[in-house]
Amino acid sequence: MKDGDSMKRQFRITSVLLTLALILCACPITLSSGALSAGDEVKGNTVCQALGMDGGAYLSWLSSHEHDSYYLGTPYRPYDHRNPNGDCKGAYGWLDSYGVPGMNCMGFVWHVLYKATFMSGGYVSRANRMADGRLTFYEGLNISRKYFKNKQAMLKSGYLEKGDIIWMIPDQQEYSNTVYHHVGIYWGDGHSDVLWHSNTVTGGQGECNAISKIYPMLDRNTMYIVLKVGASMKSAPKLTNAYNIESGVKLTWNKVAGAKRYRVFVKQSGRWKGVGDTSANYFVYGNGVDGKSYTFTVRCITPRGGCYTSYYDKRGISCTCCPAPQVTLQNATDGVLLRWNKLTSAARYRVYVRTSKGYTCLAVTTDTVYRYIPPKANYPYTFTVRAVMSDGALGAYKVNGFRITYIAPPKISAIQKTSKGVRLNWTKPDGAVYSFRVFRREDGRWKRLADTSATAYTDTAATEAGVYAYAVRCLSADKKQFVTAYDAALITVTDNKDEE
């Protein structure tokens, strides 16, 4: 069962209590001996702390629907209705019908808290304390709050912050289950008269969810209780580096306190496009194209990925994609021959060989080929190549490198004419040599004569007078590739007499 489905079933059960509380709202309860009045302040938990809700997610969620009809315009319905336009396929409130939008004031606030808390991985069940009434919610969770005698005093106090919850009740009736209460989310700058709420009096906008001036249920003798939500966006992750590695462009940033997950963006056609999420403070973008510059930025998101919880660096950080050259190695006559693909982003290349101390730079070249003369034969060597861009920035390189065991080519030790043809002898090089392939030069190309495991061969077809060129090369065990270069030798045949 999905988390959301199980939560909805729980909400329908707990919403029974909310309906009963609202229907029986005219029944007074005993006043608490600690009843508070205008000017009083309770210091405790913020709503974010109590619910385990990320304040950035809460503000981001609301901001994402500030100009659409997800909440705005949802018809006002009294009692337990919690179905906004954008999420009415279910039935969150006990009186809700599937597919029918409608919210009362508390239903709107509850839905916002539920969504933000769920995406934050917080304690969704604690938001359901609203089902037992406002006192169970803010007293039971020990929410920080302050009491004001009227709207003017509240707006002038400097206590208000965007996202705070304002509960409006008749004066001296906080501990009475009166129906004449109203609740909404403050959406101003701390002093402006702006409330996001579901109400029957929304400044001429009809009975619906709206952003308007602050309107209580009753115009007279209303006390305003401001619940501290403690909502704020986190600072933008500080981008520290973007550079090329073997698997792509690696982006790094400083961890943000309280952030559990990050989303990485790349700028495309002037707009930011999300390319991946991570819980680490780095990300590798593997879709780069050689020579193309990319600009990245990072933003904190909720654990479930639904909302942003921080600002972001609008300038971003840039890097030109410069991938690792792909190197091919070949044993040549006088050493190891390295070849690699030409990169659009490269101005020059650094060639490295691995030693006991790591990679050592052998040369810097603008070519895509390099010949290395090994100090000894029958020894494994590991090479890598790294591009240098025109601005001096380094490209990626293959960390494990490219490996080859250098085997010197077989050395032709003797070539002579015999009665049976031209006979070649050669020495076997040190190393894993399984067999040899013998060639004769014909029409400007090397023609294969034979494969042999011996170190001698007689070309019985070389009986006519002329100049003959031969070469010998070592083969792998499966005879599918050469493991050495070749050694060549010439002989001039003047007649077919035996010279032995």
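Nearest 20 debye, what's the magnitude of the dipole of the chain about its Cα centre given +1 on Lys and Arg Cβ and -1 on Asp and Glu Cβ?
Roughly 1140 debye for the chain.
With an a/c value of 1.5 or above and a/b larger than b/c for the gyration tensor axes a ≥ b ≥ c computed over the alpha-carbon atoms, the chain is described as prolate.
Based on the Cβ-Cβ distance of Ser247 and Tyr123, what FRET efficiency does E = 1/(1 + (r/R0)^6) give at R0 = 35 Å, to the nearest 0.05?
0.35
Each of Thr355 and Ser235 was given a label point 7 Å from its Cα along the Cα-to-Cβ line. The distance between the two points is 4.4 nm.
Determine the alpha carbon to alpha carbon distance for each of Lys89/Lys260; Lys255/Lys292; Lys43/Lys234 and list only those over 25 Å. Violating the 25 Å limit, Cα to Cα: Lys89/Lys260; Lys255/Lys292.
Hey, what number do you get for the chain at 222 nm if only DSSP H runs of n ≥ 4 count, each worth -39500 (n - 2.57), divided across all residues, to the nearest 500?
Value at 222 nm, helices only, nearest 500: -4000 deg cm²/dmol.
Let's test the formula: R0 of 60 Å, r as the Cβ-Cβ distance of Thr455 and Asp313. What FRET efficiency results, to the nearest 0.05? Here the calculated transfer efficiency is 0.30.
With just the Cα atoms defining each centre, how far is segment 386-456 from segment 256-319? Give it in Å. Using only Cα atoms, the two centres lie 50 Å from each other. Label sites at Tyr98 and Thr382, each approximated as a point 7 angstrom past Cα along Cα to Cβ, lie 6.2 nm apart.
Can you compute the FRET efficiency between Thr368 and Lys428 using 1/(1 + (r/R0)^6), with r the Cβ-Cβ distance and R0 = 45 Å? Round to the nearest 0.05.
Step by step, r from the Cβ atoms, then E = 0.85.
Extension gain, Lys273-Gln152: 0.36 nm per intervening residue step, less the Cα-Cα distance, totals 39.2 nm. Rank Met53, Thr117, Pro380 by how far each Cα sits towards the positive end of the charge dipole of the chain (+1 on Lys, Arg Cβ; -1 on Asp, Glu Cβ) and give me just the farthest. Going by the Cα projections, it comes out as Pro380. Here the extension length gained between Gln172 and Phe482 equals 102.0 nm, from 0.36 nm per residue of separation less the Cα-Cα distance.
Backbone N atoms of segment 316-347 closer than 19 Å to the 7 Å Cα→Cβ label point of Ser293 belong to residues 316-323, 344-347.
Between Gly44, Cys361, Tyr308, the Cα set farthest toward the positive side of the dipole of the chain (charges on each charged residue's Cβ, about the Cα centre) is that of Cys361. In units of the rule-of-thumb radius 2.2 N^0.38 Å, segment 334-409 shows an alpha carbon radius of gyration of 1.12. Here the label points at Ala347 and Thr333, each 7 Å from Cα along the C-beta direction, are separated by 3.7 nm in the simple model. Here Lys479 is the anchor, and the lysines within straight C-alpha reach of less than 20 Å, apart from those fewer than 8 places off in the same chain, are Lys411, Lys428, Lys447.
Bear in mind that the values in this text are calculations on the coordinates, not laboratory data. Values in this document were obtained by computation on a predicted structure and should not be read as measured data. Reconstructed Cβ throughout: ideal geometry from the backbone, glycine too, with neighbour counts over all protein chains shown.
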